[in-house]
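Just so it is clear, none of the values below were taken in a lab; they were calculated from the coordinates. Just so it is clear, the model here is predicted, and its values are computed rather than measured. Because the Cβ atoms are built from the backbone with ideal geometry, glycine has one as well, and the counts that use them run over all protein chains shown.
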Amino acid sequence: RWTSSHAKAFAGLNSVAEADLSHFSRILPDSCILSMLPPTSLGSDDLSTYNTDWMGKYKGRANTVLKPKTTAEVSAIVKWCWEKRIGVVPQGGNTGLVGGSVPLGNELIINLGNMSKVRSFDPTTGILVADAGCVLEALSEYIAPHNYVMPLDLGAKGRQVDCMIGGNVATNAGGLRLLRYGSLHGTVLGLEVVLPDGTILNQLSQLRKDNTGYDLKQLFIGAEGTLGIITGVSILTAATPQASNNVFLALPTFNNVLPLYMTARQQLSEILSAFEFIDRSAYELAVKHGQGKALSDEDTKGAECFVLLETSGGKREHDEEKLNKLLESLLEAEEPLVNTGVLSQSPAQFASLWALREGITEAVSKEGKAYKYDISVPLSSFKDVVDLTREHLRKCGLVRKGAVTHVIGYGHVGDGNLHLNIVADQYSTEIQDALEPFVYELVASYQGSISAEHGIGAMKTHALHYSKDDKSIEWMKRIKNLFDERGIMNPGKIYLVDGQPVKFF
Ligand code: FAD
Ligand code: 2HG
Ligand code: ZN
């Protein structure tokens, strides 16, 4: 259901008409054009996977989806859209969680899925250059025989959820390996981008060092498709660790998470590669929906929360010795920080322990409708944020059957990133209004960020000011205008259109 303010917000842009389509058919073969307009006249169902986001929360009304195969094709399409003032939504795997990858109205979708070639890989340097539509999982598989791994890893990789490298870069995705390999602002070496007027900006450098003025590519990392369409990515991959281990630790109280993190960092030092937090409700949801193999009752008895800790290093014996020593010291302490620890004994168990953590997002979606808050707050406040939100919803009378069923917390401790998920039977304005601005005010009270790694998308445009002051927003908008003065590129994402938030349900 679209409100009248929404129609007004997009009044300045045109949707794709038949004349545009016949122009596009001179650029692309028919197999790369999906349209509800004649002559193909597909039904809206045929385009619904492109118009609907992964959560089924945001729904667009694009009448046309184009799937170009080359940068030149993207450029020709975008040039036409610039001239005709047609709104454009760049789309990768459509796994984004903030409504950035689908139209808010009837913008044209340019899906990068057909641009899926590896352009080059250098096994000496580990530098990979790939089309933006390469699926992250496919890139991991491509470089694995050369003993390299991608410097990012997300639950949205594989498992029938296929995020793409261009989408990863456009969202500056963090994920499970950020603790080890750092952010994409460091590992992305170069980008090729089609700007809103169709110009191809070639910044596809393969250099690790290049201090020759402004580092323009950084602007597009995390820009969520508002400044241009990324068509190629040059990225530094990492040598495959010789040994990886993981252990699922059960903690009697949340208060032990921080001391445990400090102890693990000190004792494991360079081999610590992930430190993930999972509260009990999140764990139980993962188990309920078959993500990984449940721990025994004995292993989870009395646990308030869990930590999944991973080590990756150069020598198995050395790493195991360090990890075993840590576990011994933890369990034998006078006041142990953990109740139990399940150490993986095989590659299958290693994967199963990870599935308990990586599978939470899918478990939440199977359970109900998710209201997701991906926030940066001090580590010490993770539990308070979850508890205060639950208590607030309870006071609003919303924690009940037919409304909110779960309030859970999990996330990347190493990065100070909490995923607060509220699970409900439906998306409703009543729940939404109870959560916002409550959650954002709470985040602001900790001087946190309203988006740690998922972006602003369409979901948080009205809340940007909680994390950016007026001057910063003004300069962000100047940059947007510099690249896209006609406002065609992913309209309504990151910034409000006409000062109005769009209502989604
Ligand atoms: P899309 O969803 O298609 O697009 C996302 C945004 O990027 C949109 O604004 C879109 O317009 C823009 N975009 C896409 N491609 C391009 C391009 N080529 N050029 C310019 N703009 C483009 N995120 C994390 O950060 N960490 C996680 O651990 C994580 N885990 C997830 C687990 C699951 C199960 C799911 C469903 C999502 C998860 N995400 C996570 C969110 C999401 O997967 C990431 O944001 C991902 O990087 C999006 O990639 P995509 O190809 O699906 O992009
Ligand atoms: C994760 O860390 C992802 O699993 C998704 O960032 C978080 O679904 C979420 O809220
Ligand atoms: Zn995450």
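Here the residues Met459, Met55, ranked from fewest to most Cβ neighbours within 10 Å of their Cβ, fall in the order Met55, Met459.
For the residue pairs Lys157/Lys372; Lys67/Lys493; Lys59/Lys471, the alpha carbons lie more than 28 Å apart in Lys59/Lys471.
In region 368-454, a dipole from Cβ-located charges (positive for Lys and Arg, negative for Asp and Glu) runs towards its positive end, and of Ala452, Gly416, Gly402 it is Gly402 whose Cα lies farthest in that direction. Considering all alpha-carbon pairs of region 192-237, what whole percent are spaced by more than 15 angstrom? That tail contains 42 percent of the Cα-Cα pairs.
Helix 257-268 versus the longest principal axis of the chain: what is the Cα-based angle in degrees, 0 to 90, to the nearest 10? Around 80 degrees separate the two axes. Helix content alone sets the calculated 222 nm mean residue ellipticity of the chain: runs of n ≥ 4 DSSP H residues at -39500 (n - 2.57) each, divided across all residues, give -9500 deg cm²/dmol. What the phi angles of region 187-192 give under the Karplus curve with 6.51, -1.76 and 1.60, with θ = phi - 60°, is a coupling list of 8, 6, 9, x, 9, 10 Hz, glycine and proline written as x. Cross-link partners of Lys209 among lysines, defined as those whose alpha carbon lies under 18 angstrom from its own and excluding same-chain residues fewer than eight positions apart: Lys217. In region 333-480, Rg over Rh equals 1.03, where Rg is the alpha-carbon radius of gyration and Rh the Kirkwood radius from pairwise Cα distances.
Take Tyr495, Tyr58 and order them by how many other Cβ atoms sit within 10 Å, fewest up front. Provide the component values of the computation, followed by the final result.
Numbers: Tyr495 17, Tyr58 25.
In increasing order of surrounding Cβ atoms, one gets Tyr495, Tyr58.
Principal axis extents of the Cα atoms in region 34-114, from largest to smallest and rounded to whole angstrom, are 32, 26, 24. Considering only the Cα atoms of region 120-270, their convex hull presents on average a projected area of 11.5 nm². The HN-Hα couplings worked out from phi for region 416-428 by the Karplus form 6.51 cos²θ - 1.76 cosθ + 1.60 (θ = phi - 60°) are x, 10, 9, 9, 9, 10, 10, 9, 9, 6, 7, 8, 9 Hz, whole numbers, x standing for Gly and Pro. Exposure proxy for Asp498, Asp470: other Cβ atoms within 10 Å of each Cβ, ordered fewest to most, give Asp470, Asp498. Beta-bridge orientation, the chain: approximately 90 percent antiparallel, per DSSP, counting only bridges with both partners inside. In summary, region 226-302 shows an alpha-carbon radius of gyration equal to 1.56 times the 2.2 N^0.38 Å reference for compact globular proteins. Quarter the surface of the alpha carbon convex hull of the chain and you get the mean projected area, 23.8 square nanometres.
Normalising the average separation of contacting C-alpha pairs (under 8 angstrom, six or more residues apart) by the number of residues puts the relative contact order of region 118-239 at 34 percent.
Note on region 394-461: the C-alpha convex hull projects to 5.1 nm² when averaged across all orientations.
Karplus-derived 3J(HN,Hα) values for region 76-81, using 6.51 cos²θ - 1.76 cosθ + 1.60 with θ = phi - 60°, are 5, 5, 5, 4, 5, 5 Hz; glycine and proline are entered as x. Run the reach check for Lys503 against aspartates and glutamates, Cα to Cα strictly under 15 Å, same-chain hits fewer than 8 apart removed. What comes back? Here the aspartates and glutamates satisfying the reach criterion relative to Lys503 are Glu430, Asp433, Glu436. Taking the DSSP beta bridges with both ends in region 31-128, the antiparallel portion is around 50 percent. With N as its number of residues, region 346-428 has a Cα radius of gyration that, divided by 2.2 N^0.38 Å, comes to 1.20.
Normalising the average separation of contacting C-alpha pairs (under 8 angstrom, six or more residues apart) by the number of residues puts the relative contact order of the chain at 16 percent.
Rounded to the nearest 10 degrees, the inclination of helix 18-27 to the longest alpha-carbon principal axis of the chain is 70 degrees.
Once region 243-360 is represented by equal point scatterers at the alpha-carbon sites, with solvent omitted, what log10 I(q)/I(0) does the Debye formula produce at q = 0.14, 0.20 Å⁻¹? The Cα Debye sum returns log10 ratios of -0.53, -1.10.
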